[in-house]
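What follows is a set of notes on a single structure, which appears directly below.
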Amino acid sequence: MVGMAAGSRFYMSSFQQAQTMVFAIDEINKNPKLLPNITLGYHLYDNCLKLVVAFRAATTLISGTEKTFSNLNCTGSPPVIAIVGDPGSTHSIAVSSVLGLFRVPMVRAMVEILKYFGWTWVGVLYSDDDYGIYAAQSFQQEMQRFGGCVAFSEIMPYDNHRDIQRIVAVIKASTARVVVAFSTDLLPLMDELLLQNVTGRQWIASEAWSISPVLHLPRFVPLIGGTLGIAIRRGEIKGLHEFLLCLHPDSDPRNNIVRIFWENMFGCKFENGSKDGEKMCTVQEDLNSTVNEYNDVSELRASYNVYKAVYALAHALHDLMQCEEGRGPFSDNSCADITNLQPWQMVHYIQKVNFTTGFGDHVSFDENGDALAIYDVMNWHPSSDGSIVVRTVGVVDEGAATGKVLTLVEDAIYWNFETKKPPRSVCSESCPPGTRRATRKGLPVCCFDCLPCADGEISNISDSTECTVCPNEFWSSPEKNRCILKTVEFLSYEDPLGISLTTASLLGSCFCALVMVIFTHHRNTPVVRANNSELSFLLLLSLKLCFLCVLLFIGRPQLWTCQLRHAMFGISFVLCVSSILVKTMVVIAVFKSSRPEGKSAMKWFGAAQQRGTVVVLTAVQVVICAVWLSTASPTPHKNILYIRSKIVYECAIGSVTGFAILLGYIGLLAAVSFLLAFLARNLPDNFNEAKFITFSMLIFCAVWIAFIPAYVSSPGKYAVAVEIFAILASSFGLLGAIFAPKCYIIILHPERNTKKAMMGRTGKNQ
């Protein structure tokens, strides 16, 4: 079908497209490799630029009831298996919606430009016809596919000036800096935009006006200079120019369209193939400039599309003819019957077409049967005379062998902005890594806020919609853009807290050693001998072990330190408390033996009995530790529950029951010692050992009672620090309460370190 409007105005561009189709068919018929033994024919139908005529033409061509010019004498079923045309978009959309044939996906090409420059927030203007409505709908669907949004979508009926003003107000109010227009009549709108000085917008032109000269006026340069648009791919068809020049009514007298062309353009009259008319017309050809539009093949765009469409049909028919029976694509592996060929069978083969034109363009179709887009990207430059000139700056080719759909020569693009750079047109700026997008309520998905990822989560790409949780042993970096290994936390010797506790441990151990030296040097004095010096030395040794066991709690946990720390702690404290217990019992026995009724009390608390009692009480703790370590031994453990951002490296106690029994046994001995010492606190003596033991055990019990809730509530390394503090505090309490008064007398008041002084108080009480 062609749109020549015969009888009113003759459109040279449409006639050129029709002749290009004729040329392509003639070229195919002469090609021995393409469709051998098959001759293609054609029907030309003038739609008079009316939709109803174009629609009727399509249906009649398919049904075979057409009254059009045909170059073949065909009989039988209508041989029409495909339609090339209509040149108008509105007509093509209407026809293709019924016939489902060749469509040009120009919307996809425009979206490629938007994607290239990152323009996700754009406005859309479209005309109130099939072309504009269909294009706008398709455009919005394509925008959604790549994550873009339409800031506004306005129809342009141009019923009155008020409609234009409303659209201008929308453009001015919108934050979108890119406007896409699908229309063939933008002049009234542009005049109003110019009147209101609405500049600073990047216009994207559809093929309907991307190369139209209507707006190429100097006054529009500030407004739409730099416009980017797409145009049907320009191509070259070898031999077409000569073919067009050779066109003459005498070559085919039955072709009324050619006759009308000559009569309208040159005023020729042809009757019975008159040769005189031809000579007269040859003279007028040089005088009639309108013929140049017909002969000009330097900007073949729509005609080049027609050429490719004809060849696509020919290749499809050629593939159909190569089908082998039993291996066909239709039901029961059948092939199409060339004598009764159905259009839907041709559609199947058209979708499989894949060839390259002589100009080097690749032609193929996608899974939906749409031609892979191939368009030239046009840019509106200001010319030297102040008007606008359109230049090609790139190509959109979905079938490109390189896989690169859009190719642009950016240096050749004219940007109509002060920065001379592409504008930014987004509703919200891109969210950097480390954040996620949160859509604003009631707005399109392109309008969002950037929220930082939560602790332990990351996003390592821009515009991430979700943050990813880091694996267990990893944590988010401060920037929240990558997962890093968690810091392993334990009480180390380099830690200030570790240094303090280590210092306290060593000081306590040194104090024990100092007291042992003092007691050894004054071992024969009454103060040392009066309170069982052997038990005193044993108590000092156990306290020294208590201080030193703290060192096993500091440093990176290892299997042997985890096992040894609690065992040494439990045994050392039992040895200490059992020594105090026996010491208390000896004090009580000594007092009772001084009375007549208790003369035999001391025979049960001789040196051997004292040692044996300490050994037995300590052995019980050794058994408890042995059973615990053999059944559920403490082991190093990486705990990620205390502090999510860190790995707490600790010693898992293995068995809570074992640890509880260990502490419970120590507590039992301490309670018995405290009770006995408390009952004997008022025994008459100038140096009352029972009072000091009572005070020391009071400190010991208070520390360990406070330890339990503090230990449970302390996280990570601080739980270890609490346990160490309890060990040190109770050890210092015992050392100070029991041995400080004795050292005070030995060093500072030696005059009181005599038997007489020791017995003075007792004698008075008696």
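Quick one: is I458 at pLDDT 90 or above and either on the phi > 0 side of the Ramachandran plot or assigned by TED's automatic domain parsing to the domain that holds V179 (or both)? Judged against the criteria, I458 is not a match.
Report yes if some residue within region 196-210 is without any contact (Cβ under 8 Å) to a residue 12 or more places away in the chain and either in a loop (DSSP other than H, G, I, E, B) or among the polar types (S, T, N, Q) (or both); otherwise report no. Yes, that holds for at least one residue. Within the set F490, F474, the sole residue that is among the aromatic types (F, W, Y) and modelled with pLDDT of 90 or more turns out to be F474.
Pairs meeting the criteria (first residue in region 458-484 and among the acidic types (D, E), second residue in a loop (DSSP other than H, G, I, E, B), beta carbons under 7 Å, at least 6 apart or on different chains) are D463/S430; D463/C431; E473/K486; E479/G434.
This table checks each residue for (1) assigned by TED's automatic domain parsing to the domain that holds G123; (2) touching a Phe, Trp or Tyr at 6+ places or on another chain (Cβ under 6 Å); (3) under 24 Å from M143 (Cβ atoms).
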site: V168; (1), (2), (3): yes, no, yes
site: A176; (1), (2), (3): yes, yes, yes
site: E192; (1), (2), (3): yes, no, no
site: N197; (1), (2), (3): yes, no, no
site: T227; (1), (2), (3): yes, yes, yes
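Among the helices (runs of 4 or more DSSP H) confined to region 637-745, the ones with at least 2 residues that are modelled with pLDDT under 85, in contact with a helix residue (DSSP H, G or I) (Cβ under 7 Å, 6 or more places away or on another chain) and hydrophobic (A, V, I, L, M, F, W, C) are located at 656-679, 689-713.
Give the residue, chosen from D319, D337, that is touching a residue at least 24 places away in the same chain (Cβ under 8 Å) and either among the β-branched types (V, I, T) or on the phi < 0 side of the Ramachandran plot (or both).
Answer to the check: D319.
Where residues in region 94-104 are at negative phi and surrounded by fewer than 19 Cβ atoms within 10 Å (Cβ to Cβ), which of them is modelled with the highest pLDDT? Only one residue fits best here, namely S96. Scanning region 508-535 for residues that are farther than 22 Å from K756 by Cα and in contact with a helix residue (DSSP H, G or I) (Cβ under 8 Å, 6 or more places away or on another chain) yields a total of 9. In region 251-273, of all residues being closer than 12 Å to Q19 by Cβ and of a type in the set (A, V, I, L, M), the one that is modelled with the highest pLDDT corresponds to V258. Going through (1) aliphatic (A, V, I, L, M); (2) surrounded by 17 or more Cβ atoms within 10 Å (Cβ to Cβ); (3) over 19 Å from the mean Cα position of the chain (by Cα) one by one, V426 falls short only on (3). Would you say V198 is at pLDDT 90 or above and in contact with a strand residue (DSSP E or B) (Cβ under 7 Å, 6 or more places away or on another chain)? When the stated conditions are applied, V198 does not pass them. S298 meets all of the listed conditions (1) farther than 25 Å from N37 by Cβ; (2) part of a helix (DSSP H, G or I) but one, namely (2).
Within region 469-480, can one find any residue that is polar (S, T, N, Q), assigned to a strand (DSSP E or B) and crowded, with 21+ Cβ neighbours inside 10 Å?
Yes, region 469-480 has at least one match.
Within region 644-674, if we keep just the residues that are of a type outside the set (K, R) and touching a Lys or Arg at 6+ places or on another chain (Cβ under 9 Å), the residue that is surrounded by the most Cβ atoms within 10 Å (Cβ to Cβ) turns out to be S673.
The values are calculated or read from the model by the stated rules, or taken from the named source; none is laboratory data. Bear in mind that the values here come from a model prediction, so they are computed numbers and not experimental data. Backbone-built Cβ (ideal geometry, glycine too); neighbour counts: all protein chains shown.
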